[in-house]
Ligand code: AHM
Ligand code: MG
C-alpha cells in the first residue's frame, strides 16, 4: 500500500480547500517538526534530566514541569520564526506572544497547550500537544493584533488538532474537511496517514470523568453522570468508566471507541461553579475536531463552537464525544435546571 505522508495529504487537500495555502502548509509543517522534537524528548524521559519541576509556577498557578517548559519553548521558538503567524498564545503564558516586527509575519494566529496532561509526564502515561488556528480578521488594526482580534468565536477556527505521545506518536487534525490521523513512523521520521476520515461512533460505551469531584457537582451534573452508570441509557447497561486524566488521551480513545469525556463545572470554596479546562487551547480545538468527526461538544447545554472567549485563559465545563451521549447530557441538564453553566 502506498504510504501518504502528512505533507502529501496537506498538498492534496490544498486543492480542495480555498483557505489552505502554501503558507498554511508551512505552519503545519513547523508544528509537525516541533511535535517530533517534543516526542523525541518525551521518549527519552527517565534517561535524561527532563522529569520533575522547574521550580516556576505558571499563569494558571500550577507548578511548571521541565517537559512543559521544553515543549513551550520549542513551539514558541520555531513558530515565531515561521513567517506565517502574527500572534500566538500558550496555556503556559499569561499574555499574547507577539511576533516581533523585525521577524517576517503573516495572518495566522496559533493557540496551543504545549503539553497537556502534564501531571502524567513522570509516570509514563500518554500526554499531548493541542493546537488551534485562526486567521486574523480582514479589517485588521495596524501593527500587532489586539487581544480582541485573537479572541474570535470558536467556529472561526480554520484548523485544530493534537499530537498524542502514546504507544506511538500520532497527529490528528482537521481543517474543516473531516478528521485525519497520522502515525509517526520513527524509522523514517514521517507522520503517515493511518486513520483517514475518522468518525466517532454515534453513541459510545465509555464515560470518562473524574468522579472524585462528585460532591462538588450540582444535582443535574450528578444525574448526567448517573445516566452512564446505570442501565437506562442508549446502551441498555452501564458504560465502562475510563479516565486517564490526560485530555488528549481520553479524547483520542473515545474518538476511536465512542463515548463521552466530561469535565463538569465544580463548586469552589466561594460557592461559585466553574470548569477547569481552558476554552481557547483545550475545549475549542477538541470541539472542532469532534464535530468534524460527527460528534458533539457542549458546556453541558451550549455548543462550545458558539462561544466567543472573553479572556485568553477562560475556563469552561466540557462534555465532548459521541453525538447521542452528549445530547443525552444536554437533555438531562435542561430538565434538571442546571445552574452551573456560565452564560455565553
Ligand atoms: P493541564 O493542561 O495542566 O495538563 O491540565 C489539563 C488536564 C487535562 O488533560 C485533564 O483532562 C485534566 O486536566 C485532568 O484534571 P483532574 O486531575 O482534575 O481530573
Ligand atoms: Mg492542558
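Rule-based calculations on the coordinates, nothing more; no lab input. Source: prediction; values computed, not measured. No Cβ is skipped: glycine too gets one built from the backbone with ideal geometry, and neighbour counts run over all protein chains shown.
Here are some notes:
- Protection proxy ranking of 316-328, 153-165, 90-102 - average other beta-carbon atoms within 10 Å, highest first: 316-328, 153-165, 90-102
- In nm, spacing of pseudo-spin labels at residue 187 and residue 219 (7 Å Cα→C-beta vector): 6.1 nm
- Eigenvalues of the alpha-carbon gyration tensor of segment 206-335, scaled by 5 and square-rooted, set the equivalent ellipsoid semi-axes at 20, 18, 13 angstrom, largest first.
- Compactness of segment 235-311, expressed as Rg and Dmax over alpha-carbon positions, Å: 13.5, 41
- Segment 206-335 - share of DSSP beta bridges that are antiparallel (%, nearest 5): 75 percent
- Rounded to the nearest 5, the antiparallel percentage of DSSP beta bridges internal to the chain is 80%.
- Computed FRET value (nearest 0.05) for residue 167 with residue 199, which takes r as the C-beta separation and R₀ as 22 Å: 0.50
- Seen from all directions on average, the chain presents a Cα convex hull projection of 18.1 nm².
- Computed across segment 6-195, the Kirkwood hydrodynamic radius from all distinct Cα-Cα pairs reaches 17.2 Å.
- Choice from 123, 42, 188 showing the highest fluctuation, given a GNM over the chain with Cα pairs closer than 10 Å: 188
- Here the extension length gained between residue 123 and residue 73 equals 15.8 nm, from 0.36 nm per residue of separation less the Cα-Cα distance.
- Distance (nanometres) between label positions extended 7 Å along Cα→Cβ at residue 81 and residue 2: 3.5 nm
- Each residue, residue 26 and residue 335, gets one label point 7 Å from its Cα in the Cβ direction; the gap between the two is 5.4 nm.
- Kirkwood-based shape ratio for segment 132-245, expressed as Rg/Rh from alpha carbons: 1.10
- Relative contact order computed over segment 206-335 (Cα-Cα under 8 Å; 6+ residues apart), in percent: 28 percent
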